[in-house]
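Shown next, in structure tokens, is the structure this report addresses.
Just so it is clear, none of the values below were taken in a lab; they were calculated from the coordinates. These numbers come from a predicted model, not from an experiment. Cβ coordinates were reconstructed from backbone atoms using ideal geometry, including for glycine residues, and neighbour counts include every protein chain displayed.
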Amino acid sequence: MSFVTTGTQGRFVIRYNGRNVYWPGIKSTIMKIDDLPPRLQREHKTFLAMQMIYCRAHHGSKDDLCPDCAELSAYAFTRLEKCPFQEQKPVCARCPIHCYQKEMQNRVKKMMGYSGPRMMFRHPGMAFLHLMDRFRKLPSIKR
């Protein structure tokens, strides 16, 4: 995965596992994932992998995200890019700053609750690294 850009018919497209995944109806800025620190690039990949597992199982999507899942992914990616901790970012569940809106936070919890256990079978490397991130030292908040 290297970047999100506008694809055919104004849809956003991302390279994932060597193929294009389309995000229908997303109205957002182009997200340059390669410009992010390696830690946040991995967060993007992990979130998208979890989102693909959830969308396939609950919305019947094969290669593309449905509009609801695409909206959630775009929201999560925007929050991730604006994270004040950047390279020291903990997993969101342990973060001292909760930057997600309540509705989006609940949607992400539901998605991760379903996808998390399945990640061990579909993407064991990503799952292991995400699990290890839970043990990262929490960054201090500068006030």
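Value of Rg to Rh for region 63-143, rounded to two decimals, is 0.97; Kirkwood radius and Rg both from alpha-carbon coordinates. Near residue 136, once Lys and Arg are set to +1 and Asp and Glu to -1 for all other residues with Cβ below 13 Å from its Cβ, the sum equals +3. Checking the Cα-Cα distances for 62/89; 109/137; 62/102 against a 25 Å cut-off, the pairs over it are 62/89; 62/102.
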